[in-house]
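Encoded as structure tokens, the structure appears first; notes follow it.
We did not get these values from a lab; they are worked out from the coordinates using the rules stated. This one's a predicted model, so the numbers in the text were calculated from it and none came from an experiment. Note that each Cβ is placed from the backbone with ideal geometry, even for glycine, and that neighbours are counted across all protein chains shown.
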Amino acid sequence: MAINFFQEDIQYSLPQKNLTKRWLREIAKKEGFKIRDLNYIFCTDEYLYQINVDYLNHDTYTDIITFDNSEEEAILEGDIFVSIERIFDNAKTQKQDIYKETIRVISHGLLHLCGYKDKTKEEASLMRSKEDEGIKHFFELKENA
């Protein structure tokens, strides 16, 4: 049941790690999953871009890449790479709070591991709705902590 947060090429410390871990476990449980080993790696745009090129053959910048390492049904294992620079840029562009945008992206990676996609308009809409639901729950947990 390990949830870990790492850094590559950037200094970043996620606030409220214990609350975030609890929240991620609750999202997974609600979706019918249990987290076995989940690693979030916070990194730079360039670091994530290189992963995108090397492993996915995509020549684009992105805010998150999720690698599913699960071998058992209903058990989540994965590595989720998150560009902190992209989160900050997206938050500024969308006039969004940086912390809230970080939570959105963190939940986005978990939701991918739970089987949610975002390639079509319908999939993206459902993903956004699940993210919003998760964010609301996170701030409820934070209020009651």
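Tyr116 fails exactly one of the following numbered conditions: (1) buried (at least 21 other Cβ atoms within 10 Å of the Cβ); (2) of a type in the set (Ser, Thr, Tyr); (3) closer than 13 Å to Gly134 by Cβ. What is the number of that condition? The one condition Tyr116 does not meet is (1).
State whether one or more residues within segment 121-135 are under 16 Å from the mean Cα position of the chain (by Cα), surrounded by fewer than 19 Cβ atoms within 10 Å (Cβ to Cβ) and closer than 21 Å to Asp45 by Cα. Checked segment 121-135: no residue is under 16 Å from the mean Cα position of the chain (by Cα), surrounded by fewer than 19 Cβ atoms within 10 Å (Cβ to Cβ) and closer than 21 Å to Asp45 by Cα. The requirement of being closer than 23 Å to Glu143 by Cα, surrounded by 17 or more Cβ atoms within 10 Å (Cβ to Cβ) and in contact with a helix residue (DSSP H, G or I) (Cβ under 8 Å, 6 or more places away or on another chain) is fulfilled somewhere in segment 79-101, by at least one residue. Only one of the numbered conditions (1) free of Cβ contacts under 8 Å to residues at least 60 places away in the same chain; (2) within 24 Å of His137 (Cβ to Cβ); (3) among the polar types (S, T, N, Q) is violated by Asn57, and that is (2). Apart from one condition, Gly32 fits all of (1) loosely packed, with under 13 Cβ neighbours inside 10 Å; (2) within 14 Å of the chain's Cα centre (by Cα); (3) closer than 22 Å to Ser125 by Cβ; the exception is (2).
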